Amino acid sequence: MNIKSKIRNYTLSIEDDFTFVPELLKSENSLIVIDKTIYEIYKMKLFSDIAQENLFIIEALEVNKTIETALEICEVMTSIPAKRNAHLISFGGGIIQDITGFAANILYRGIHWTFVPTTLLATCDSCIGGKTSLNYKKYKNLLGTFYPPDEILICSEFFNTLSERDFKSGLGEVVKFNIMTGNQGLVKIENNIDALLERNKEKLDEFVNQSILFKKDYIEKDEFDKGVRIHLNFAHTFAHAFETVSNYFIPHGTAVAIGMLVANRISLGRGLLEESIVIRIESVMKKIIDTDLLQTTLAIDNMIDAIRKDKKQTDSNLKCVLLSTNMKLNVYNNLQKEEAEQAITYVLQLLSK
Ligand SMILES: NC(=O)c1ccc[n+]([C@@H]2O[C@H](COP(=O)([O-])OP(=O)(O)OC[C@H]3O[C@@H](n4cnc5c(N)ncnc54)[C@H](O)[C@@H]3O)[C@@H](O)[C@H]2O)c1
Ligand SMILES: [Zn+2]
């Protein structure tokens, strides 16, 4: 698959199994950056032949998603004599993607970068779209650029070793894409959610492919997030608040799933969505939201404060994307504090039952 970009077009391929890895690792002038957990799990199977000097291992923690880590990668890569032919290859989820994308972008104003996503979230969502983000001091994703990988190589075999927490988090974005397509998407996800939760490979491949095609359409129209791409932010205004207030105990995709429930309750309160649809979406979401992750204090005032500070807010009126009549997405610039409070309280109660 080819993805159009104003930076440079790039490719994405879906691999059946791990046979592509040895060939990829033969690439000359390369540094291979690997998520520590991935390295430990797959060392014998995939990575035993990499020379130490070509290997850089990162623990996938938010505290490591910093400019310092990106600069360390750049520094190690200066020892590759080929300079602009240097090749960065990375294996991991969104954290590894964000760090390596940033490093690949700033080193020599851009080097060849191949990304192999290993989480469901990175595979079905973040690997395309070209955003790179780093945390700075207390600010999440404050620093960032647009720089897509030259190639993305996807292999759903990696999902077999994902923890239940991270697997369900990835499903949050998969479900979001389906809900965004309206009633047909809702029916499809209702019929397939159990097979997805069982990690049925055929279903996963089908939904990953569909998610990528869905996002591709948006990013090709609005790569730099100035217009229609805002729709992909559906549920994210609230998701970011859940992530921040839980101090990232709630992972991104799970926060998106909870954020969708909040958004839909607001739509219901405004008479934009039928209650039967809201309830059907809630039943699907309850299957993928790990309620153990909600055993953390989520003070409502802090949540509202976090919504106000979200970087997508552009003025004093609060903005959010909501489902409206016929499940069509619309951007609203008039989110009221009280309706957000009520919806959040309702959803937290619903999930605690
Ligand atoms: N750049 C973007 O467009 C974009 C979009 C969404 C999210 N993000 C960022 O992505 C990050 C979250 O990424 P994520 O959810 O992909 O996960 P992650 O990178 O945070 O990894 C989650 C956990 O899964 C482990 N892991 C990864 N692959 C595994 C596998 N195959 N088997 C077993 N364990 C595995 C990791 O070691 C880690 O413990 C956040 O920092 C978020 O801000 C970026
Ligand atoms: Zn997201």
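Say we look at the range 78-95 and pick out the residues that are out of contact with any helix residue (DSSP H, G or I) (no Cβ under 8 Å at 6 or more places or on another chain) and outside any loop (DSSP other than H, G, I, E, B); which of these is modelled with the highest pLDDT?
H87
In the range 100-132, what residues are outside any helix (DSSP H, G or I), among the polar types (S, T, N, Q) and open to solvent by less than 20 Å² (accessible area, probe 1.4 Å)?
Within the range 100-132, T114, T118, T132 qualify.
Out of the range 247-257, which residues are within 13 Å of the chain's Cα centre (by Cα) and open to solvent by less than 10 Å² (accessible area, probe 1.4 Å)?
G253, T254, A255, V256, A257 - these are the residues of the range 247-257 that are within 13 Å of the chain's Cα centre (by Cα) and open to solvent by less than 10 Å² (accessible area, probe 1.4 Å).
Looking only at the range 192-210, decide whether some residue is within 20 Å of V262 (Cα to Cα), within 16 Å of ligand 2 (Cβ to nearest atom) and crowded, with 18+ Cβ neighbours inside 10 Å.
There is no residue in the range 192-210 that is within 20 Å of V262 (Cα to Cα), within 16 Å of ligand 2 (Cβ to nearest atom) and crowded, with 18+ Cβ neighbours inside 10 Å.
Take the residues in the range 247-267 that are touching a helix residue (DSSP H, G or I) at 6+ places or on another chain (Cβ under 7 Å) and more than 24 Å from K328 (Cα to Cα); name whichever of them is farthest from ligand 2 (Cβ to nearest atom).
Result: F249.
Please list, ordered by first then second residue, the pairs with beta carbon atoms under 7 Å, 6 or more apart or interchain, first in the range 86-101 and of a type in the set (F, W, Y), second open to solvent by less than 10 Å² (accessible area, probe 1.4 Å).
F91/I34; F91/V116; F91/T118
Could you look through the range 160-196, keep only residues that are within 18 Å of the chain's Cα centre (by Cα) and aliphatic (A, V, I, L, M), and pick out the one that is farthest from E243 (Cα to Cα)?
Top of the filtered list is L196.
Would you check which residues across the range 193-209 are without any contact (Cβ under 8 Å) to a residue 60 or more places away in the chain, farther than 18 Å from T254 by Cα and either touching a helix residue (DSSP H, G or I) at 6+ places or on another chain (Cβ under 7 Å) or not in a helix (DSSP H, G or I) (or both) and list them?
Matches in the range 193-209: A195, N200, K201, K203.
In the range 145-185, how many are touching a residue at least 24 places away in the same chain (Cβ under 8 Å) and in a loop (DSSP other than H, G, I, E, B)?
Summing the residues that are touching a residue at least 24 places away in the same chain (Cβ under 8 Å) and in a loop (DSSP other than H, G, I, E, B) in the range 145-185 gives 7.
Go through the range 304-332 and give me each residue that's open to solvent by 40 Å² or more (accessible area, probe 1.4 Å) and farther than 24 Å from L142 by Cβ.
T325, N326, K328, N330, Y332
Taking E223 as the residue in question, decide whether it is surrounded by 15 or more Cβ atoms within 10 Å (Cβ to Cβ) and either in a helix (DSSP H, G or I) or free of Cβ contacts under 8 Å to residues at least 24 places away in the same chain (or both).
no
Considering the range 174-212 alone, what residues qualify as being acidic (D, E) and under 20 Å from F91 (Cβ atoms)?
Of everything in the range 174-212, just one residue is acidic (D, E) and under 20 Å from F91 (Cβ atoms), namely D205.
Can you tell which of L12, L24, L46, L31 is closer than 22 Å to L204 by Cβ, open to solvent by less than 40 Å² (accessible area, probe 1.4 Å) and outside any helix (DSSP H, G or I)?
L12
Out of everything in the range 124-157 that is more than 13 Å from ligand 2 (Cβ to nearest atom) and β-branched (V, I, T), what residue ends up being farthest from D205 (Cα to Cα)?
Once the filter is applied, the top-ranked residue is T145.
Among what's in the range 226-246 and is farther than 25 Å from I7 by Cβ and more than 11 Å from ligand 2 (Cβ to nearest atom), pick the residue that is most open to solvent (accessible area, probe 1.4 Å).
Filtering the range 226-246 for residues that are farther than 25 Å from I7 by Cβ and more than 11 Å from ligand 2 (Cβ to nearest atom), the one most open to solvent (accessible area, probe 1.4 Å) comes out as T244.
Would you please name the residue that is nearest to ligand 1 (Cβ to nearest atom), looking only at residues in the range 117-138 that are among the polar types (S, T, N, Q) and touching a strand residue (DSSP E or B) at 6+ places or on another chain (Cβ under 6 Å)?
In this case the residue turns out to be T118.
The values are calculated or read from the model by the stated rules, or taken from the named source; none is laboratory data. Because the structure is a prediction, the values reported are computed rather than measured. Neighbour counts run over all protein chains shown; Cβ positions are idealised from the backbone, glycine included. Remember, those area values only see protein heavy atoms, side chains included, never the ligands or the DNA or RNA. Shrake-Rupley method; radii C 1.70, N 1.55, O 1.52, S 1.80 Å.
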